[in-house]
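Below is one structure, written out as structure tokens; the observations come after it.
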Ligand SMILES: C[S@@+](CC[C@H](N)C(=O)[O-])C[C@H]1O[C@@H](n2cnc3c(N)ncnc32)[C@H](O)[C@@H]1O
């Protein structure tokens, strides 16, 4: 007698959830920097998400107003999510505070994805590839919800600084080190001689009086200010211009190119 035919258990094919589409768009410093490529990408978006950091006095996040303007111009719905608070106390463990903040933001992204169907757009200040956590957060979200992410570059503060001062950011064949104010002492100790410094709370340039600086605040926006020269000569001018920019706009974002006196002066 022949062996009975093997029993084949029929299983329904496992359903693979379709990835959610997310379009991350660098908007530069506002509507004037929204490129045709960004406009085309935004035309495929159903809803835009923006985090808002409201001021301690309850005033609206001024950078949110710029995103709102872009959405109005592009006919897009904007969902504003309060930015989870970040512990900024001087004595707190910086990395741990940032990690907790990122976790809270990942949760916020997940909730917006669950609550809104269609393609999600994220408008990033400047360029998404420069000191912005959006793409890293989406990597974390993507571990829990399948995502398909498209990125459109934007005009970042760094090329804008170079353009406003009409300078090349480095001398011929020389490197450029990009860092934060917090890590400037470390970069100088490493021997960096040509740096761009971002995320400043104040300017601390003691001992660098003979270096050259090209500084810019609120580039492309209200209160734009530019100062260049020998650090020892222009520091008070920068400090005054920084305070004026903050007064005029209600906020100040600044960065600067810093070059050692012995770097070659060729463009
Ligand atoms: C969180 S980072 C974001 C950078 C942004 N993704 C970019 O491409 O410029 C914020 C820092 O960028 C710099 N920054 C951003 N916008 C600026 C502006 N309009 N003018 C001057 N500096 C700016 C400042 O150093 C600020 O502290």
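The values are calculated or read from the model by the stated rules, or taken from the named source; none is laboratory data. Just so it is clear, the model here is predicted, and its values are computed rather than measured. Note that we place each Cβ from the backbone using ideal geometry, even for glycine, and neighbour counts take in every protein chain shown.
Tabulated data
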read-out	value
Candidate set: the range 121-153, residues that are crowded, with 20+ Cβ neighbours inside 10 Å and away from the ligand (no atom under 16 Å from the Cβ); chosen: the one farthest from residue 49 (Cα to Cα)	141
Flag for residue 164 being surrounded by fewer than 15 Cβ atoms within 10 Å (Cβ to Cβ) and within 15 Å of the ligand (Cβ to nearest atom)	no
Residue in the range 187-196 that is closer than 19 Å to residue 242 by Cα and surrounded by fewer than 18 Cβ atoms within 10 Å (Cβ to Cβ) present	no
Failed item in (1) in the same structural domain as residue 34 (by TED's automatic domain parsing); (2) part of a loop (DSSP other than H, G, I, E, B); (3) touching a strand residue (DSSP E or B) at 6+ places or on another chain (Cβ under 7 Å), with residue 138 passing the rest	(2)
